Amino acid sequence: MKEYGSIGTVGVDQEPAIAGTFHTLIMQPTTFCNLDCTYCYLLHRDKRRVMAPAVASACAASIAEQGSPHPVGVVWHGGEPTAIPVKVFRELLQPFEPLRRAGQIRHEIQTNATLINRRWCDLFASIDMEIGVSIDGPGALNRNRLDRAGNDTAKRTLRGMAALADAGLSYSVICVVTPETIGHTDELADFFAGLPGCASVGFNIEEQEGAVRAPVSEEAAYRFWRRLVERRLTGSPLRVRDLDRLADYIAASRIGPIAHTPYEPIPTVSHAGDAVLLSPELLGVTDDRYGDFLVGNVLRTSIPAMIANAGGLRYVREFVSALNDCASGCPFYAFCKGAQAGNRYFEHGTLAVAETNYCRTSRQALVRATVDQLTHLEVENG
């Protein structure tokens, strides 16, 4: 096991900004997706490019090299991972099997579920796959998730989710909330609460990733979060990822000062082995200022070595500088830990900016709505 340092420092105590080891590794088994969602940022999603087993082997070797004491989440996220044959996916999983059996990794997948059948369920069960399904709600609320012919996909996704539930597999959901759907809080929450097998839902306020459209406003997001908090406080059984994270933070802060946690480097590896750090949305993007964002290729350089040398890249340096701005000037930093790299870039064309609309709608509005609803409840109860 080699020792690798962190990238840069942040805060008045000069704490590490970006960790030298990774706990999440995002893998792109294929560029292809059978859907064509209106807000999708993925490039080449119409190309049937598939990861070679050698790339998977190199990624497994990188995990073994860093020797992290914490399990690494290997997240299969394309494209649509299940758009490749089950047999091919098994081959990509094989290099990780010794690590999985030793408890050094856990597999996760993010899928649109339209292609899931019994064979996929059997594979997921055999390796304890953590499953995330993408669906934006019932009926017209799922209007942005279309197939390549422009047809609605909700029924096919629900069929795949039913197959998971019938196989005894639970799953989480990611729901993208758009300007058109953010006013339907109760309809969304009731829908997800009624899905068999759904363990929790994460609401992603639509992010600006190249699309030319007005973003969700901070006040609309505030009303959305406040209604979800109100439902939680009045007994809703629906687990909401975002509320759970805030509740965990509040509980931890009541015990004592929360220890600084360096930002995850979040390496993302393409089907060809190319890697970016900080945000999967940067994969495949080129920019006059930052180039192609690549930190290397796993077939030639290990991921820990890439991370160790990433401080020389302009986009990484600017991200660390902006983290310092967040830490020194934002009252939400202790919970938020700084704006996401992809949001900074796609909203502003630079990683040097601190605050983003994503910060305001997904973090700040959430905190304000929770505080206000709790205050309102205290006043009501005397």
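Only the coordinates and a few stated rules stand behind these numbers; no lab work does. The shown structure was predicted, so the numbers you read here are calculated from the model rather than taken from an experiment. Counting neighbours? That spans all protein chains shown, and the Cβs are built from the backbone with ideal geometry, glycine included.
Computed over the range 291-334, the range of Cα coordinates on each principal axis works out to 42, 21, 13 Å, biggest value leading. Normalised Debye scattering of the range 319-382 at q = 0.14, 0.25 Å⁻¹ gives log10 I(q)/I(0) of -0.45, -0.98, counting only Cα atoms as equal scatterers and leaving out solvent. Entry note, the range 9-255: relative contact order of 15 percent, from Cα contacts under 8 Å with a spacing of 6+ residues.
Based on DSSP H segments of at least four residues, each scored -39500 (n - 2.57), the chain has a per-residue ellipticity at 222 nm of -11000 deg cm²/dmol.
Rg then Dmax, both in Å and based on the Cα atoms of the range 231-341: 17.7, 55. The phi torsions of the range 297-303, fed into the Karplus equation with coefficients 6.51, -1.76 and 1.60 and a -60° offset, translate into couplings of 10, 5, 6, 10, 9, 6, 5 Hz, rounded to whole numbers, with Gly and Pro shown as x. For the range 67-76, 3J(HN,Hα) computed residue by residue from phi via the Karplus equation (6.51, -1.76, 1.60; θ = phi - 60°) reads x, 5, x, 10, x, 9, x, 8, 9, 8 Hz, glycine and proline entered as x. Once the dipole of the chain is set up with Lys and Arg at +1 and Asp and Glu at -1 on Cβ about the Cα centre, which of Trp225, Gly20, Val86 lies farthest towards its positive end? After comparing all options, I get Val86.
Here the Karplus relation 6.51 cos²θ - 1.76 cosθ + 1.60, evaluated at θ = phi - 60°, turns the backbone of the range 101-107 into coupling constants of 5, 8, x, 8, 9, 9, 8 Hz, with x for every Gly and Pro. Close amide H contacts of Thr24 (hydrogens built in the peptide plane, cut-off under 5 Å, sequence separation of 5 or more or a different chain): Gly73, Ile266. Legend: ranking of residues Leu374, Leu283 from fewest to most surrounding C-beta atoms inside 10 Å; resulting order Leu374, Leu283. Once C-alpha pairs closer than 8 Å and six or more residues apart are averaged by separation and normalised to the residue number of the range 215-367, the relative contact order reads 24 percent. Taking one equal scatterer on every alpha-carbon of the range 109-232, how large is log10 of I(q)/I(0) by Debye at q = 0.11, 0.18, 0.21 1/Å? Log10 I(q)/I(0), no solvent term: -0.40, -0.98, -1.22.
Computed over Cα pairs, the Kirkwood radius of the range 9-255 leads via Stokes-Einstein (0.692 mPa s, 37 °C) to a diffusion coefficient of 167 µm² per second.
Using alpha carbons only, how many angstrom separate the centre of the range 240-271 from the centre of the range 80-153? That distance is 25 Å. Close amide H partners of Gly296, meaning residues 5 or more places away or on another chain with modelled amide H under 5 Å apart, are Ala275. Remark on Val177: its backbone amide H falls under 5 Å from those of Asn204, Ile205, Glu206, a criterion applied only to residues 5 or more positions apart or on other chains, H modelled at 1.01 Å from N. Based on every Cα atom in the range 1-155, Rg and the maximum pairwise Cα distance Dmax equal 17.9, 55 Å. Residues considered: Asp288, Asp46, Asp325. Largest GNM mean-square fluctuation over the chain, using C-alpha springs under 10 Å, is found at Asp288.
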